[in-house]
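Remarks on the structure that follows.
The values are calculated or read from the model by the stated rules, or taken from the named source; none is laboratory data. Being a predicted model, the structure only gives us computed values, none of them experimental. For neighbour counting, all protein chains shown are included, and Cβ atoms are generated from backbone atoms with ideal geometry for every residue, glycine included. The area values use the complete protein model at the heavy-atom level, side chains included, leaving out ligands, DNA and RNA. Shrake-Rupley method; radii C 1.70, N 1.55, O 1.52, S 1.80 Å.
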Amino acid sequence: MNFEVAFSESLAESAKDHLLSSLRKGQEQEDLCFALWRPSVGNDRTTALITDLVLPVEDDRLLHGNVSFEADYLARAARFACESNAGLAFMHSHPSNGWQGMSETDIIAERDRIAPPARATGYPLVGLTVGMDGVWSARFWRWNGNKYVREDCRKVRTVGQSIDVHFNPSHRRLSAPAARLRRTIDTWGVERQSLLSNLKFGVIGLGSVGTAIAEILARVGVSNLLLIDADSIEEHNLDRMLYATAKDIGRYKVDVVASHLKQTATATSFQVHPMRAWLQESDAYSASLDCDVLFAAVDRPLPKDLLNNIAYVHYIPVVFGGIRVATKPSGKLADATWSVVNVAPGSRCLRCDGQYTTSDVTLERDGSLDDPSYIVGGTAQSGNENVFPFSLNLGSLMVLEMLRGILREDWWPNPSSKIHYSFLASRFTTEKSECRNGCSVWERTGSGDRWIYPFLDDPIDRSTEHWDSVTSKSWLERWWRDVREFFGGRS
């Protein structure tokens with residue numbers, strides 16, 4: 001199991017404003033504070049989500065170059081953590097840059113003084129150190145039945161308008177730049193390329209847009225990619241889905257895409273994890289919690305709702321994209337629009353943006369969206385028409401928005417919450433706004449595993465390759481066609 005820590009951008013800035021206040025003024029003075037955290041547990045990692053600061057008041061600490069806390073301050077913070085059903089975190093600053101090590105004094109303070117009362121919360125103590133340059137380091141202190149054992153974190157993530165990631169040097173892979181990535185590295189440098197290669201990305205939905213996203217990620221040197229989709233390729237996918245051929249009809253989309261990505265990926269060491277599942281199946285949901293960024297290429301309300309909550313509840317930014325095509329009664333194109341929405345703490349969620357409603361989720365859950373009579377009645381969502389160039393443009397735009405968050409420098413303009421493109425007007429518009437007052441998704445920010453999505457399903461066994469949605473007759477026809485092609489068209 002890997003251990004990590006994640007902040008919302010606003011909370012991380014508030015913590016640094018306190019911890020680095022004196023150091024930023026040129027004074028050689030460290031500082032400290034306590035905080036609360038909640039767990040987010042995926043298949044391979046446990047993340048401490050920092051949710052609240054417990055800042056010191058007068059006489060809570062002694063400032064003497066170094067810094068020490070009073071017992072009453074620790075007791076108050078531990079009691080607040082227990083009352084909040086949260087874990088206790090301890091933060092302090094160091095007057096040096098980069099990922100920080102621990103002095104013997106630091107170890108004694110966390111292991112011997114803070115970890116025992118923190119154990120009353122039912123969670124390990126999480127310790128964090130921030131350097132003068134704002135780089136965070138972190139560790140868990142776990143009780144093994146005999147003593148407290150330190151588990152150094154692999155990285156610390158801060159998510160919001162940008163995606164800021166600080167790696168433990170002992171866990172960061174630094175591979176020599178491959179010749180196949182020379183042009184990419186020349187564009188944004190070795191450091192940013194190393195960051196991309198050390199993050200895990202997830203693509204939810206392997207239709208025309210999701211497949212394009214996966215291809216772009218593989219080409220820019222991403223080395224760890226999760227693919228989630230339980231659908232199989234049908235004939236009507238062939239004019240829009242990258243990689244798909246007539247021979248692939250009936251195969252799982254994730255299998256076809258994963259196979260091709262292994263051939264086109266440019267990373268020195270590339271791992272792709274295809275899952276034949278819908279996101280709401282519990283195993284796929286857990287796997288998504290191991291990702292650092294998720295791409296939502298889905299059109300159903302339920303996975304939109306689940307991804308929307310993941311972004312806020314688990315501090316995993318989601319890049320959502322959608323296409324809507326309008327046609328005239330004559331069948332001619334009236335307009336096509338597509339939009340990209342960046343979903344993370346501090347930005348507007350998908351529901352407040354109008355991408356779906358709670359009633360849409362309920363209708364999908366009770367099967368109404370699959371009822372032919374309901375669909376014919378015109379009440380269900382429509383507008384799923386699409387063509388290949390629209391999909392490629394949207395997929396590229398979604399990846400570019402992710403790259404803006406990761407590559408962003410301080411002098412860049414703040415990114416928009418939403419980008420909207422009109423094909424007819426050939427015009428991009430952008431907007432930035434927050435959730436509506438009383439948004440229940442926003443109120444769940446940082447809840448982690450304390451909040452359980454109500455519509456999770458048990459996993460479905462799709463371990464064997466099969467041609468679902470294809471009749472035995474069509475399977476036989478395809479087999480006979482392949483035989484004839486093998487023998488040069490002779491029958």
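Side notes on the structure shown:
- Comparison of ARG408, ARG450 shows that the only residue that is in contact with a strand residue (DSSP E or B) (Cβ under 7 Å, 6 or more places away or on another chain) and closer than 23 Å to THR47 by Cβ is ARG450.
- Restricting attention to region 24-39, the residues that are open to solvent by 10 Å² or more (accessible area, probe 1.4 Å) and either without any contact (Cβ under 8 Å) to a residue 24 or more places away in the chain or outside any loop (DSSP other than H, G, I, E, B) (or both) add up to 6.
- Taking each residue of region 207-223 that is within 13 Å of ARG240 (Cα to Cα) and open to solvent by 10 Å² or more (accessible area, probe 1.4 Å) and looking for partners that are of a type outside the set (A, V, I, L, M) and not in a loop (DSSP other than H, G, I, E, B) with beta-carbon atoms closer than 7 Å, six or more apart or interchain, yields SER208/PHE388; SER208/SER391; VAL209/GLY321; VAL209/SER391; VAL209/GLY395.
- For region 340-356, the set of residues classified as touching a residue at least 12 places away in the same chain (Cβ under 8 Å) and open to solvent by 30 Å² or more (accessible area, probe 1.4 Å) consists of ASN342, GLY346, ARG348, ARG351, GLN355, listed by residue number.
- Residue count for region 3-33 satisfying the condition of being of a type outside the set (S, T, N, Q), in contact with a strand residue (DSSP E or B) (Cβ under 7 Å, 6 or more places away or on another chain) and farther than 22 Å from TYR312 by Cα: 8.
- Within this structure, GLY101 passes the test of being under 23 Å from ASP152 (Cα atoms), modelled with pLDDT under 95 and outside any helix (DSSP H, G or I).
- Taking the listed residues THR129, THR184, THR158, the one that is open to solvent by 20 Å² or more (accessible area, probe 1.4 Å), hydroxyl-bearing (Ser, Thr, Tyr) and in contact with a helix residue (DSSP H, G or I) (Cβ under 9 Å, 6 or more places away or on another chain) is THR184, with no other qualifying.
- Taking the listed residues SER391, SER426, SER440, the one that is surrounded by 15 or more Cβ atoms within 10 Å (Cβ to Cβ) and at pLDDT 90 or above is SER391, with no other qualifying.
- Residues of region 249-274 that turn out to be open to solvent by less than 40 Å² (accessible area, probe 1.4 Å) and either in contact with an Asp or Glu (Cβ under 9 Å, 6 or more places away or on another chain) or aromatic (Phe, Trp, Tyr) (or both), as a count: 10
- For region 79-137, residues that are within 29 Å of the chain's Cα centre (by Cα) and of a type in the set (Ser, Thr, Tyr) total 6.
- Test for GLU58: is it part of a loop (DSSP other than H, G, I, E, B) and either over 19 Å from LEU128 (Cβ atoms) or modelled with pLDDT of 95 or more (or both): yes
- Under the condition of being among the aromatic types (Phe, Trp, Tyr) and either exposed (fewer than 13 other Cβ atoms within 10 Å of the Cβ) or over 17 Å from ARG113 (Cα atoms) (or both), the residues counted in region 56-85 number 1.
- Any hit, region 135-154, residues being on the phi < 0 side of the Ramachandran plot, buried (at least 22 other Cβ atoms within 10 Å of the Cβ) and not in a strand (DSSP E or B): yes
- Filter result for PRO329 (open to solvent by 10 Å² or more (accessible area, probe 1.4 Å), under 15 Å from SER416 (Cα atoms) and not acidic (Asp, Glu)): no
- Condition met for GLU191 (of a type in the set (D, E, K, R), out of contact with any Lys or Arg (no Cβ under 7 Å at 6 or more places or on another chain) and crowded, with 19+ Cβ neighbours inside 10 Å): no
- For region 383-439, a residue qualifies if it is among the small types (Gly, Ala, Ser), closer than 19 Å to VAL318 by Cβ and in contact with a Ser or Thr (Cβ under 9 Å, 6 or more places away or on another chain), and the qualifying residues are SER391, GLY395, GLY405, SER416, SER417, SER433.
- Pair list, Cβ under 6 Å, 6 or more apart: region 276-305 residue under 19 Å from ILE452 (Cα atoms), other residue open to solvent by 10 Å² or more (accessible area, probe 1.4 Å) and part of a helix (DSSP H, G or I): LEU279/PRO303; PRO301/ASP360; PRO301/GLU364; LEU302/GLU364
- TRP412 being surrounded by fewer than 17 Cβ atoms within 10 Å (Cβ to Cβ), free of Cβ contacts under 8 Å to residues at least 24 places away in the same chain and touching a helix residue (DSSP H, G or I) at 6+ places or on another chain (Cβ under 9 Å): yes
- The residue of region 402-426 that is nearest to the chain's Cα centre (by Cα), among those that are under 17 Å from SER8 (Cα atoms) and part of a helix (DSSP H, G or I), is MET402.
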